[in-house]
Amino acid sequence: MEYKFREIEEKWQKYWIENATYKVEADAKRPKFYVLDMFPYPSGAGLHVGHPLGYIASDIYSRYKRLKGFNVLHPMGYDSYGLPAEQYAIQTGQHPAVTTEKNINRYREQLDKIGFSYDWNREVRTCDPKYYKWTQWAFIQMFNHYYDTEKCKAMPIADLVARFEKEDPEWNKMNAKEREKRLMQYRIAYLADTKVNWCEQLGTVLANDEVSEGLSVRGGFPVEQRVMRQWCLRVSAYAERLLKGLDSLDWSEALKETQKNWIGRSEGAEMRFGVKGSDTELEIFTTRADTVFGVTFMVLAPESDYVAQVTTKEQRHDVDEYLAMVKKRTERERIADRRVTGVFTGAYAVNPLTGKEIPIYVSDYVLSGYGTGAIMAVPAHDSRDYAFAKHFGLEIVPLIEGADVSEESYDAKEGKVINSGFLNGMEVKEAIAEMKKYIKEKGIGQVKVNYRLRDAIFSRQRYWGEPFPIYYIDGVAYVMDEEKLPLLLPEIADFKPKAGQPPLANAENWTTEEGYPIELNTMPGFAGSSAYYLRYMDPHNDKALVSREANDYWRNVDLYIGGTEHATGHLIYSRFWNKFLYDLGVVCEEEPFKKLVNQGMIQGRSNFVYRIKGTNRYVSAGLKEKYDTQEIHVDVNIVSNDVLDIEKFKAWTPEYKDAEFELEDGKYICGWAVEKMSKSMFNVVNPDDIVERYGADTLRFYEMFLGPLEQSKPWDTNGIDGVHRFLKKLWNLYTDDNGFALTDDEPTAEQMKTLHKTIKKVEWDIENFSFNTTVAAFMICVNELGASKCHTKKILKPLAVILAPYAPHMAEELYHACGGEGTVCDAEFPQWEEKYLVESTKKYPISFNGKVKFQIEMPAEATREAIEAAALADERTVKILEGKQPKKIIVVPGKIVNVVI
RNA sequence: GCCCAGAUGGCGGAAUAGGUAGACGCGCUGGUCUCAAACACCAGUGGAUUCACUUCCAUGCCGGUUCGAUCCCGGCUCUGGGUACCA
C-alpha cells in the first residue's frame, strides 16, 4: 500500500482539532511541564524552512514529556507589534492591524501543516487590547514602585513618600512639580532626559541592543546620539540580581557569559580629586586604585557637567569648538574614526597622593554613561590613556617593575609595584586592596561596584505599539487608573511622524475625559514580549495578568527554545520584568526560564550558473575556469543535487528563454555557496513546498537530521530523499497491496533487542537534545526489523509510540492499525529493559597495537576470571580495570591486557 | 583588542565516561528490474599499497599525559559568533 502522506496527515490533523487533543488544563494530580518557543514576529515574507527548526525540537520534547506522563503546556502566539508593519503602513497606507492580521493568518496556516501540538486556545497576540492591557498594567506598577536598595526589592512609591514626609523637611516645602521631579529619580518606570540612540530614518529612538556598530539592527540605518526626554525602566537596579540569578539557570555557558558581559559588573573605587583654585571636586571611578601615583592627567567626557565647571576663560573657546565637533559626529563616525582627539580645559586637578598638579582634558574616549563620566588617566598602564598621553606629550610614569612603557602601555594586573610611595614592593592585587583601604580612611573616596548595564529606554516615537497609560497636567506625568485599562491605541489617518512629533500627535482627541493630553510615545517591542510566557498560563483572565492558582501550578518555563540573538535584549528584559513581578508577589518564581536551548540559524544554500560575459551562454561549474564568466544566482527550487533543470531555467524569466548551455556529462552543474536565506539570493525554501512534496513527518525528521540543534547550518534539500525513503520503508514493512499486514506473533529475541535498543536510544537522545542521531537510530531499527521480516503488532505498537514525537501523523496511523485506543499522544512511553539488550554470546575483540588481531568468543555471563583465563591462555599478562564489565580486550605487546567497558 | 564556540571522507555529520574513528544520510561507482529513463532494490565507497591476503597513513598544526587520545593538558593556525574606547 502506497504511503499516502497527504491523506494521512490531513486525516490526523483534522482528528486532533475535532478531539481537542492538544487542549491543556492545570491538573494538580499530574506534574506540569512548560515548553515554550520564542514567539515569532509575523513578517510579510512568511515562514521559511529555518523558522520551524526550534519549533520542531520543542514539539518533539513536548510530545515526549507528555508520553512520559507530564501535563505539558506548549503554547504559541505572536509578537505582533513592531516596526516593519508600520514602515509598510507608511509606504502603502495599509493599516498595520490589517497587514499584521494577514501575516498571522499566513503563519498559522504554515504552522498547522507541520503538525505541532500547540494548544491554540491559549494563543496570545501582543497587539490585542486584552493582552496589552496587562503590558500597560505592568508599566503602571513600575511607575508606582521604586527599588529599595536596602531590602533589594521593589517597594511601593507611597512608602518612599511617607518616609520623605517624616524624615525630610525639604520635601514638605516642595510643590507638586518639584516632588514629582524627585520621585522620578526613584520610580522603576521614570521620565528622564537621557542621551539616546536616535535613528533619523526610522524616526525613533532605539535601545542599546537594537543598535549594532552605529547602525539600527532593523533596517541598518545610521544612529546618532541625542538628548531627549524619554520613559526609562530602571533595569540597572536589578543588575546584581540579574547576574546572581544566572547561577541557578540551566543555560549554555556561552549565553550566560554573554549576559555577564552585558551586565558588566566591575569592582573598583570612587575617588575625588580636588581642582586647583576651585571648590569643585572631580569624582572618578577606577578599578586600578593601585595606580593613583601614576595619574598624570584627568579626562572628562564631553557631555559631563564638570566640563562647564572647570573650563577656564582662556580655554572656553577651544573647548566649545571641540564639544561642537564631537556633537556633530555620528556614533558610526566615532566608531570608524578612532583617532585621538581632545582639548585642554585650562584647569588643573591635584593628585591627592603625589600632591602634583595635573591637567584636565576633555575627550570623547571617555563615556558619559559609565561611572562618573570622568577618569583619572594612568598612561603607563592603560592603553587608551597611553595613546592620549603620547598624542598630547603628557608625562608617563611606570608603576610596575620591569614594565617597558616606551612603546606601549603595560595593562596587565600583575607585577611588583614601584614609584608608588607606601605601595612599593606589593603585588598589584595587594596594592589595590591597600589603596582602597587608604582612600576610605582618608575620606577621599569609597569602594564602589559599577555595572555596564544601562536602564532601558522605553519610549518609541512610533504608532504601532502599546500606548502609555500616562497623561500630563502642567507637564507633570500621572498614571491612569488601572480600571481604565486597556487604553486603546487610537485610529489615525496618517502614520508618518509630523513636525518632529510622534504619529500619535495625528490622533484626534488624544486626551483624557478631563481634557488632559495623553503621552504621544508608544512602548518598544520588548514591552509586549517581556511577560508573554505568564499570560499563556491564564490567557483569558481579565482580572489579572495571571491568576495566583494558574501561576502556582505552571510556575515558570521548564524549557525555552529560541535564537541566540535575544541574549542581551529579550532575555534580559524578561528576567528583569519577571523579577519585578516577583517582588510584587504576582509570580512565584524569580527566574522565568529554567532551561534554555539556543537553536542554530538555518542559512541558505545558494546555487549559481556561470554566464560567459556578454553572451547568453552558460557553462557548467566544472568548465567555468576556461571562460571569463559572471556568477548569477539561480532559484534553488529549479536545481536538484546541484544539477540545473534546464527547461525550468529557460521558463524562469524571459531573459533566459534562449539561453545556450555548455554541459558536463550531459548535465549542467551549478556552483553553490552558503549565504543568508533571503529572497534576493533565490535560496529561500518554503516549508509548505516541502510538506507538499514529502509530507510533514519527513520535514520534521529532516530538519532534525540536518545536524545538531544548536549549530548553525545551511539548508540543503538534497538529503531529504533519504529520510523520506526511511518513512516509506517503515510503511512498506507493515503494509502490503491490501493494506496493513500485521500479525500477533511473538517477537523474536533479535526483534526485541532491536526495539529496546531503539527505545533506549530515543529516550537518551531526547533527554539530551541529540535529535539528529535519533533519526539514524530509527533507520537502523527499520532496517533490522525489515531484515527479519517483522510484521507483529507487538513490535510495531511500541515503535509507533516512540516515533510519535518525531513523526506524529505516521505514528497515529500505525498506532491505530495496531488497535491503539484514542490518540498516540496519550500512550505511555515504553520502558526499555536491559534483559533484551544482552546478547547470547559476546565477541570480545582483542587488539594488537590497537588493531584487531584475533577474537575470543565468550558467553554473556562470562566472569572476569573467565576472561582473564581466556586471555591468559594466550600467554599474556592480564590486568582488569576495577568495577567494569568486560566488553573489549586490548593487548599491548609483552605487557598488559586491558579489559574495558 | 577581549570573550565564547568550533575544525573529523567528495558533502551534512556519528563516536553518549579515554577504548575497533568515519554510525546514519547525501553524492558517486557497479549491478538487478525496464525497450529506455525515473522510481525501487542489492553491493561497494577515507587515502596509499597489493592481483589478493596484508601493511602503512589518517580527526587543522606542534608538543605532553596514557598501555591507548577526535576526546584530557600546553602552545599555535584558521573559521564562525558575541562585544567593543566600560577606566
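The values are calculated or read from the model by the stated rules, or taken from the named source; none is laboratory data. Predicted model, so just to flag it, every value in this text is computed and none were measured. Quick reminder, even Gly has a Cβ in these numbers, built from the backbone with ideal geometry, and neighbours come from all protein chains shown. Surface areas here come from the heavy atoms of the whole protein model, side chains and all, with no ligands, DNA or RNA. Shrake-Rupley method; radii C 1.70, N 1.55, O 1.52, S 1.80 Å.
Annotations for the structure displayed:
- Applied to segment A:641-658, the Karplus parametrisation 6.51 cos²θ - 1.76 cosθ + 1.60 on θ = phi - 60° returns per-residue 3J(HN,Hα) values of 6, 6, 9, 6, 7, 5, 4, 5, 4, 5, 7, 4, 9, x, 4, 9, 4, 9 Hz, with x for Gly and Pro.
- Taking amide H atoms as placed 1.01 Å from N in the peptide plane, the amide H of A:Leu709 lies under 5 Å from those of A:Phe771, A:Asn772, each 5 or more residues away in sequence or on another chain.
- Measuring against 31 Å, Cα to Cα, the residue pairs A:Lys244/A:Lys429; A:Lys328/A:Lys679; A:Lys153/A:Lys195; A:Lys579/A:Lys761; A:Lys65/A:Lys133 contain A:Lys328/A:Lys679; A:Lys579/A:Lys761; A:Lys65/A:Lys133 as the ones spanning a longer distance.
- Heavy-atom accessible area per residue - segment A:601-643, 1.4 Å, Å²: 48
- Centroid-to-centroid separation of segment A:739-764 and segment A:14-76 [C-alpha atoms, Å]: 28
- Summing Cβ point charges (Lys, Arg +1; Asp, Glu -1) relative to the Cα centre of segment A:170-237 gives a dipole of roughly 480 debye.
- Normalised contact order of segment A:144-212, rounded percent, pairs of Cα under 8 Å and 6 or more residues apart: 24
- A simple charge model with +1 on the Cβ of Lys and Arg, -1 on the Cβ of Asp and Glu and nothing else charged puts the dipole of segment A:1-90 at about 560 debye relative to its Cα centre.
- Sequence-separation-based contact order of chain A, relative, with Cα cut under 8 Å and 6+ spacing, percent: 13
- Segment A:198-260 versus segment A:83-110: alpha-carbon centroid distance in Å: 26
- ³J(HN,Hα), Karplus 6.51/-1.76/1.60, whole Hz, each residue of segment A:449-465, x for Gly, Pro: 10, 10, 10, 6, 4, 9, 5, 7, 7, 10, 9, 10, 8, 10, 8, 7, x
- Size of electric dipole in chain A: Cβ of Lys, Arg +1 and of Asp, Glu -1, about Cα centre, debye, nearest 20: 920
- Whole-Å distance, taken between Cα centres, linking segment A:622-684 and segment A:511-566: 48
- The H on the amide N of A:His145, modeled in the peptide plane, is under 5 Å from the matching H of A:Ile157, A:Ile188, A:Ala189, each at least 5 residues off or on a different chain.
- A:Glu200-A:Glu482 pseudo-label distance in nm [points 7 Å out on the Cα-to-Cβ vector]: 4.5
- Within the accessible area of chain A (1.4 Å probe), percent carbon and sulfur: 49
- Applying both filters, DSSP loop and at most 16 other Cβ atoms within 10 Å, to the trypsin sites (Lys or Arg not before Pro) of segment A:641-673 gives A:Lys657.
- Modelled FRET efficiency - R0 60 Å, A:Glu357 with A:Gln711, Cβ distances, 0.05 increments: 0.55
- Shown here for segment A:179-280: chymotrypsin sites (Phe, Trp or Tyr not before Pro) in loop regions (DSSP other than H, G, I, E, B) with at most 13 other Cβ atoms within 10 Å, of which there are none.
- For A:Arg693 and A:Cys588, the difference between the fully extended length at 0.36 nm per residue and the C-alpha to C-alpha distance is 33.1 nm.
- Using a cutoff of 8 angstrom between alpha carbon atoms and counting only pairs six or more residues apart, the relative contact order for segment A:1-151 works out to 28 percent.
- For A:Phe458, distant residues with modelled amide H under 5 Å away: A:Trp231, A:Cys232, A:Leu233
- Whole-Hz couplings from phi, Karplus 6.51/-1.76/1.60, listed for segment A:667-681; x for Gly and Pro: 10, 9, 8, 8, x, 8, 7, 8, 9, 4, 7, 7, 4, 5, 9
- When the Cα positions of A:Asn686, A:Thr653, A:Thr717 are compared along the charge dipole of segment A:645-725, A:Asn686 comes out farthest toward the positive end, with charges on each C-beta of Lys, Arg, Asp and Glu.
- Ordering A:Leu485, A:Pro502, A:Ala433 by Cα displacement along the dipole of segment A:392-528 toward the positive end leaves A:Ala433 in first place; charges were set at the Cβ atoms of Lys, Arg (+1) and Asp, Glu (-1).
- Loop-located GluC sites (Glu not before Pro) in segment A:412-499 whose Cβ has at most 16 other Cβ within 10 Å (DSSP): A:Glu414, A:Glu491
- Extension gain (nm, one decimal) between A:Asp193 and A:Ile646, 0.36 nm per residue minus Cα-Cα: 156.9 nm
- Ratio Rg/Rh [Cα only; Rh per Kirkwood] for segment A:599-679: 0.99
- Gain on full stretching of the segment that runs from A:Lys173 to A:Gln446 - 0.36 nm per residue minus C-alpha separation: 95.1 nm
- The residue among A:Pro830, A:Tyr15, A:Tyr536 whose Cα reaches farthest toward the positive pole of the charge dipole of chain A, with charges on the beta-carbon of Lys, Arg, Asp and Glu, is A:Pro830.
- Taking label points 7 Å from Cα along the Cα-to-Cβ direction, A:Ala28 and A:Asn419 give a separation of 7.3 nm.
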